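Structure first, then comments.
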Amino acid sequence: MEPVYSGFHYDAVITPFAVDPRVEGNPLTKRADAINTQVALEIIKRTTLKDNASFFAFKLKAWLLYSTPELTIRPAQRALRWFEWLIITSAAVGLILRCCPRGKLDAWSLEKLQLPGAQISVYKKLTAAAMLLGLVFAMALQLTPVLYNERYNNYFMEPWLILLSGIAAGILLQRSGESSAGYRQQLFTKNSALRWRTSISLYAVALIAILIATSVALTIWAMRYETFAIDPQRTGPTEVVLQSKTMGTAYAEQAEPLSPNRWRIGTSPASVAVNLPSFDPANLDPKAFMDGIWRVRLAVLAPKGSSACRHALFSISNAHPALRWYSPEPVLNLRADGKMHTYAIHGNDNLRPSGPGKIIVTFQCPEATEITWGGAELLRVTTPEAARALILHNQPINPYRSLELQ
């Protein structure tokens, strides 16, 4: 996943440079590539099988359906990709149904198929389509270990899926038993428009319309419920720069206190705030370290039967400006089950403190929702230092961090 979607920066330059300054900031040199590869393989090796499987499954899904963050940028891409997969699947099912036996004395046979297109063997047509579909899946699997990039998805996956979708549409629109030769003969006779309309399957036209509506509905559902967040336990190599125990006392607005660090929401939106500790702004400047991660501990208990408390807005009152073309929405994806959970979000740009200020977490939750504050800390990502220790001193990289805050 491109770092910008999580609020991070590219470390493909700074990491090899920390190990060997001779790369001179060029990540495309053989030495820089070897360093980045060694670090990536070390992190994969030190990650559990379950987490690796989850991570690569998430990336494979991104190649097949576009990534979750892109739903807020170009949702039409997800709808188009859903339509492509749905129409290809529908055509495959349609071909199977056309080949299936019609009676006890009948048998499975591809000879029953009359496919649109050139007058060549049905076997050759199906083989070509199957090979093309297989290559699409092979391409997705090949790209899964690679950094996900929208441009690669558009140029490496989309052209072949467009071809397959066109083939699928032709298969669905053709009436069962109609040959492609029949199509061409009808298209060049009198009243060809009328003949063409009667030669296609109106049921298929209705099916395609349903597939379009389904694709849009699935995309709208994904925009509402699909989430993307940093794993608070698998942060990669990090160190604490602002400790939870040095933060001020938390207080709430639009919520009544129940006990220390625990409140019940009265009016929405409600917020919990905590003053940042004293620090030297130069130590948190973007030039001091490239990437940071906030980790927040919260327990949220929504009223029984309510599903409205899914997100909380995280903000810093005195932060650096957001200067990049895209900044992810600074939300915490809540689990409103009353248990204490750790959440993670980037600590860069508009979430990097530039001076004295406070953390503000805003909740759009129903009345009577209970909130318990468990603390917050700011981590500095130390991948360049960890890479140097790995390659020069053979020190392993630990990608995990305890969920408890310091």
Once both labels are modelled 7 Å past Cα along the beta-carbon direction, what's the K245-E2 spacing in nm? 4.2
Most to least packed among 365-371, 336-342, 8-14 [average Cβ atoms within 10 Å]: 365-371, 8-14, 336-342
Find the accessible area per residue for the chain; the probe is 1.4 Å, ligands and nucleic acids are left out, and the unit is Å². 53
Of the candidates R335, R78, R324, which one comes out as most mobile in a Gaussian network treatment of the chain with C-alpha springs shorter than 10 Å? R324
Which percent of the accessible area of the stretch 1-108 is formed by carbon and sulfur heavy atoms (probe 1.4 angstrom)? 69
Spin-label point model (7 Å from Cα, Cβ direction): what's the M340 to I162 distance in nm? 5.4
Heavy atoms only, 1.4 Å probe, whole protein assembly: order W325, W263 by accessible area, highest first. W325, W263
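Give me the percent relative contact order of the chain, please, defined on Cα pairs under 8 angstrom at least 6 residues apart.
RCO, the chain: 21 percent.
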Determine the share of the stretch 279-406's accessible area contributed by carbon and sulfur atoms, expressed in whole percent, with a 1.4 angstrom probe. 52
Between helix 122-143 and the chain, what is the angle of the helix's C-alpha long axis to the longest principal axis, kept within 0 to 90° and rounded to the nearest 10? 10
Calculate the FRET efficiency for V205 and T72 from the Cβ-Cβ distance with a Förster distance of 30 Å, rounded to the nearest 0.05. 0.35
Helix 30-46 versus the longest principal axis of the chain: what is the Cα-based angle in degrees, 0 to 90, to the nearest 10? 80
Rounded percent of accessible protein surface that carbon and sulfur make up, the stretch 206-258, 1.4 Å probe: 56
With 0.36 nm assigned to each residue of separation and the Cα-Cα distance removed, A53 to A118 gains 19.1 nm
Cβ-based net charge around A336, under 14 Å, with every Lys or Arg adding one and every Asp or Glu removing one: +2
What's the local net charge at Q406, with K and R +1, D and E -1, over the other residues with C-beta under 12 Å away? +1
Helix 49-65 vs. the chain, principal-axis angle (Cα, 0 to 90°, nearest 10): 50
Nitroxide proxy distance, nm - points 7 Å out along Cα→Cβ at Q254 and K30: 6.1
Once fully extended, how much extra length lies between S354 and V216, figured as 0.36 nm per residue of separation less the alpha-carbon to alpha-carbon distance? 45.5 nm
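Across the stretch 36-155, how many lysine pairs, 8 or more positions apart or on different chains, have C-alpha atoms separated by under 28 Å? Please give the number.
Final tally of qualifying lysine pairs is 7.
The values are calculated or read from the model by the stated rules, or taken from the named source; none is laboratory data. Since this is a predicted model, take the numbers as computed values, not measurements. Quick reminder, even Gly has a Cβ in these numbers, built from the backbone with ideal geometry, and neighbours come from all protein chains shown. Ligands, DNA and RNA are excluded from the accessible area calculation, which covers all protein heavy atoms including side chains. Shrake-Rupley method; radii C 1.70, N 1.55, O 1.52, S 1.80 Å.
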